1. With (1) within 26 Å of the chain's Cα centre (by Cα); (2) in contact (Cβ under 8 Å) with a residue 40 or more places away in the chain; (3) part of a helix (DSSP H, G or I) as the list, and Leu269 as the residue in question, which single condition is left unmet?
2. List, please: which pairs have Cβ atoms under 9 Å, are six or more places apart or on different chains, and start with a residue in the stretch 166-187 that is farther than 16 Å from Pro53 by Cα and at pLDDT 95 or above and end with one that is among the aromatic types (Phe, Trp, Tyr) and part of a strand (DSSP E or B)?
3. Is there a residue being surrounded by 14 or more Cβ atoms within 10 Å (Cβ to Cβ) and in contact with a Ser or Thr (Cβ under 9 Å, 6 or more places away or on another chain) anywhere in the stretch 372-380?
4. If I filter the stretch 36-74 down to residues being in a strand (DSSP E or B) and within 11 Å of the ligand (Cβ to nearest atom), which single residue comes out as nearest to Arg436 (Cα to Cα)?
5. What number of residues within the stretch 144-170 satisfy the criterion of being farther than 22 Å from Ala59 by Cβ and within 12 Å of the ligand (Cβ to nearest atom)?
6. So which of Gly210, Gly180 ends up being farther than 24 Å from Asn111 by Cα, within 12 Å of the ligand (Cβ to nearest atom) and open to solvent by less than 10 Å² (accessible area, probe 1.4 Å)?
7. Go through the stretch 76-92 and give me each residue that's surrounded by 24 or more Cβ atoms within 10 Å (Cβ to Cβ) and near the ligand (Cβ under 6 Å from one of its atoms).
8. Considering each of Ala117, Ala141, Ala124 in turn, give the residue that is open to solvent by 10 Å² or more (accessible area, probe 1.4 Å), under 27 Å from Arg162 (Cβ atoms), of a type in the set (A, V, I, L, M) and within 12 Å of the ligand (Cβ to nearest atom).
Amino acid sequence: MTSKQRAAPAQAALDSIRNAVGPKGVVTGDDAAPFLSEWRGRWPGEAAMIVCPASTEEAAAVVKICAEHNVAITPQGGNTGLVGGQIPFGDEILLSLKRMRRIREIEPLNNTMTLDAGVVLAQAQETAKDAGRLFPLSIGAEGTCQIGGVISTNAGGVNVLRYGNTRDLVLGIEAVLPSGEIWNGLKRLRKDNTGYDLKQLFIGGEGTLGIVTGAVVKLFPLPAEKVTVCAGLENAEQAVRLLSHAQGATGGGATSFELMRRICLNLVLKHIPGARDPMNEPHACYVLMEFSSGQKSGLRAQIEAMLEGALEAGLIADAVIAENDAQAQALWRIRHSISEAINGEGLGARHDVSVATSDIPAFLEKADAAVQRLSPGARIVAFGHIGDGNVHYDVIGPEGAGPHALDDKRVEIESAVYDVIGSFNGSVSAEHGVGRHRRLTLAKRKSAVELDMMRAVKNALDPQGIMNPGKML
Ligand code: FAD
């Protein structure tokens, strides 16, 4: 059921919710606008009420009232999601975790941190650092997105190669179930084989199974040395070989391995003030690599030797090593500015897809050919976390054709790219999730068996369908 088919909440239900959270827990008037639209202004929403509980108990009280009155709920974290999952349609209440920002416990000896779901990711990273530990999840939106949001989308980011996705970083979860019951799954254990691993349902659950209110996350030693490198090369085939070469030469020392085609750099240079080309000569592709080590043990010398080997093997044409933090940040700024730079050219057709890393060159070749057949001259801005097989494959109109050049072709292009992804048994949503944006794509691209299993889980936990209706399934 979508919220479109649900009656507007009864006034009695809204009054009870208001009583449960108090006046500070309800957002009204002009303050409501930032909750109801995502950063690019896509999917403007409406909500019957915006509620910000201050504790797990308050969140549970709100959900219980909703269950009793059959009121739907859209959970929201930092509102940085890219698929519209956090934006309600109108008859739901929006439940924001923004007032739940407590670090509950940090245990350096157990390498764990227990925190409220509303803690902003950057704050979690800082808290871990202050305790001499690393919380390695890092994404472009880390100054705004929340722990509950990254858990609910199973966010990836730039350090997945070494530390895994959010799923690999979570040991325990506390959640409010659609009935209003609180499930305390805040285990700090690295081994626990006592049946189904229920927390996994909430990781990547996009708020469709309950509200994540707290979590236990893993911490790691802080790296003592980091080396950031940008290499110029000819194609994705070389990039994939370079990854294998670099990991072999450094004992798996790469934390990030990001591919950018030249067009990415051109768009960043055009649209982002202060950006500059890191190399003297242009190259068809670039790889931004970061390596880290727990000891000050000559990592830089190791990387220089690795790059020499790569030059000799014909895997790269040139490379620059960042000499200091400012240079490293300038290289990362190029990478992190690509999406914003593409926005300057219009919406186009955007894809966040994944294949096996070794299939990336063949995927790009097939997808490029399919796109050019449909829209000759379209520009293909391919970049992303290729160490994880994840490509952000964005198609925009020909140079000078204007921001709406692909409006008529978008659906066809997306379908063609997803067909190619299907031929590699890849994923149509690598790290951004499904939300409302890819809901129909999911219905079309997942097997009937998978969809039936997902619906069975949804119906078992949320028989009334009150949790984030119209999203994902
Ligand atoms: P929201 O956007 O508020 O919500 C996202 C989804 O989770 C919604 O379905 C919502 O209902 C649900 N949800 C939120 N909180 C809860 C909760 N407590 N309980 C239950 N459900 C909840 N993503 C990546 O994976 N990798 C990247 O590198 C990356 N880079 C980005 C860069 C930029 C500039 C931006 C704007 C986004 C980027 N994203 C990236 C996408 C986005 O930041 C992530 O999806 C993030 O995890 C969303 O967190 P949030 O707190 O903003 O969640």
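1. All conditions pass for Leu269, except number (2).
2. From residues that are farther than 16 Å from Pro53 by Cα and at pLDDT 95 or above, the pairs are Ile173/Trp183.
3. Kept after step one, since they are surrounded by 14 or more Cβ atoms within 10 Å (Cβ to Cβ), are these residues of the stretch 372-380: 374-375, 378-380.
Those left that are additionally in contact with a Ser or Thr (Cβ under 9 Å, 6 or more places away or on another chain): none.
Looking through the stretch 372-380, none of the residues is surrounded by 14 or more Cβ atoms within 10 Å (Cβ to Cβ) and in contact with a Ser or Thr (Cβ under 9 Å, 6 or more places away or on another chain).
4. So in the stretch 36-74, the residues in a strand (DSSP E or B) come out as 49-51, 73-74.
If we keep only those that are within 11 Å of the ligand (Cβ to nearest atom) too, we end up with 73-74.
On the way: Ile73: 15, Thr74: 12 Å.
Result: Thr74.
5. Of the stretch 144-170, the ones farther than 22 Å from Ala59 by Cβ are 156-165, 167-169.
Subsequent filtering for residues that are within 12 Å of the ligand (Cβ to nearest atom) retains 156-160, 165, 167.
Adding up the residues that qualify gives 7.
6. Working: Gly180 fails: within 12 Å of the ligand (Cβ to nearest atom).
Answer to the selection: Gly210.
7. Correct list: Gln76, Gly77, Gly81, Gly85, Gln86.
8. Numbers: Ala117 fails: open to solvent by 10 Å² or more (accessible area, probe 1.4 Å); Ala124 fails: open to solvent by 10 Å² or more (accessible area, probe 1.4 Å).
On inspection, the qualifying residue turns out to be Ala141.
The values are calculated or read from the model by the stated rules, or taken from the named source; none is laboratory data. Owing to the predicted nature of the structure, the values given are computational and were not obtained by experimental measurement. No Cβ is skipped: glycine too gets one built from the backbone with ideal geometry, and neighbour counts run over all protein chains shown. These area figures cover heavy atoms from the full protein model, side chains too; ligands, DNA and RNA do not enter into them. Shrake-Rupley method; radii C 1.70, N 1.55, O 1.52, S 1.80 Å.
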